[in-house]
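Q: I'd like to ask you about the structure that follows.
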Amino acid sequence: MSKVIYVEASPRKSRSHSSKLASIFIESYKTHHPEDVIQTIDLWSADLPEFNDEKLNAKYSIMHGEDPSDSEKSAWKEIESIFTTFNEADKYIFSVPMWNFGLPYVLKHYIDVITQPGLAWSFSPESGYSGLVKGKVLAIYATGGAYDVGSETEAFDLQKPAFEGWLSFIGLTDVERLVVAPTLAAPDDVTAMEESLALDAKKMAESF
Ligand SMILES: Cc1cc2nc3c(=O)[nH]c(=O)nc-3n(C[C@H](O)[C@H](O)[C@H](O)COP(=O)(O)O)c2cc1C
């Protein structure tokens with residue numbers, strides 16, 4: 001039995017192109033892997049804690065090998081618990097809308113909370129940085145415009161490089177992708193594109 005975590009970063013539910021494709025993938029995945037457990041983390045109702053001065057002090061104490069104070073320890077416990085939930089999966093699905101060429105702030109917030117020394121990554125002078133998270137990833141991107149590789153708009157795409165840079169930093173290098181784009185095209189074109197992507201998603205779910 002594998003555990004799958006689905007991190008949902010669009011607030012638009014059934015109107016979200018990335019969430020819709022994730023649902024199609026997950027339904028197909030369940031058919032092909034009936035014994036697996038799937039947990040959804042909806043970042044819009046996750047009530048993430050502020051990653052504030054107290055949490056940063058805890059982070060820097062740990063990074064510098066110091067003994068954190070009692071208040072830093074309790075701030076860190078909250079972070080550890082959110083990270084532990086994330087880290088329990090064998091496979092990850094992320095729905096990732098593009099907002100202002102990058103990531104929605106809730107997803108960035110989640111990344112800032114869970115990307116911690118000794119949890120998501122480690123450092124040693126001999127081997128440098130190492131990611132500590134293991135698993136397979138499906139990243140489902142949705143963008144209003146199109147940012148195809150080799151196109152004039154590619155350089156504006158700060159969503160996929162930022163997201164995949166982060167995945168790689170924490171150790172998640174086995175990544176499959178589905179890209180819904182452009183979602184702001186003519187409705188008939190979007191419908192045709194989504195029908196084709198739905199077939200791809202169902203197929204990918206068989207062997208994910
Ligand atoms: C706040 C906001 C900012 C956006 N910024 C961009 C952008 O910079 N480039 C773009 O191509 N689309 C942009 N869009 C359009 C979304 O990427 C598009 O609607 C996409 O389908 C969102 O994913 P979703 O359907 O899963 O919610 C933006 C949408 C919102 C709500």
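Values quoted throughout were computed directly from the atomic coordinates according to the rules given, and no laboratory measurement underlies them. None of these values were measured; they are calculated from a predicted model. Reconstructed Cβ throughout: ideal geometry from the backbone, glycine too, with neighbour counts over all protein chains shown.
Q: Once amide H atoms are built 1.01 Å from N in the peptide plane, which residues 5 or more positions from Tyr6, or in another chain, come under 5 Å H to H?
A: Gln39, Thr40, Ile41, Ile93
Q: Shifting gears a bit: For Val149 and Asp36, FRET efficiency with R0 = 30 Å and r from the beta-carbon atoms, rounded to 0.05?
A: E between Asp36 and Val149, to the nearest 0.05, is 0.40.
Q: Report, in deg cm²/dmol and to the nearest 500, the calculated mean residue ellipticity at 222 nm for the chain, where each DSSP H run with n ≥ 4 adds -39500 (n - 2.57) and the sum is divided by the residue count.
A: Value at 222 nm, helices only, nearest 500: -13500 deg cm²/dmol.
Q: Please give the peptides 39-52, 158-171 ranked by average Cβ packing (other Cβ atoms within 10 Å per residue), highest first, as a rough proxy for protection.
A: 158-171, 39-52
Q: Identify the residues of segment 105-127 with backbone N under 19 Å of a label point that sits 7 angstrom from the Cα of Met63 along the Cα-to-Cβ direction, or state none.
A: The answer is 108-127.
Q: Rounded to two decimals, what is Rg over Rh for the chain when you use alpha-carbon atoms and the Kirkwood radius?
A: Answer for the chain: 1.00.
Q: How much length is gained if the chain between Ala46 and Asp70 is pulled fully straight, taking 0.36 nm per residue apart and subtracting their Cα-Cα distance, in nm to one decimal?
A: 6.1 nm
Q: Using Cα springs under 10 Å in a Gaussian network model of the chain, which residue among Val37, Val133, Val179 shows the largest mean-square fluctuation?
A: Val37
Q: Return the distance in nm (one decimal) between the two label points of a simple spin-label model at Glu78 and Val175, each offset 7 Å from Cα along Cα→Cβ.
A: So the two model labels end up 3.0 nm from each other.
Q: While we're looking at this one, here's another question. With a Förster radius of 45 Å, plug the Cβ-Cβ distance of Glu194 and Trp121 into 1/(1 + (r/R0)^6) and report the FRET value to the nearest 0.05.
A: Calculated transfer efficiency: 0.80.
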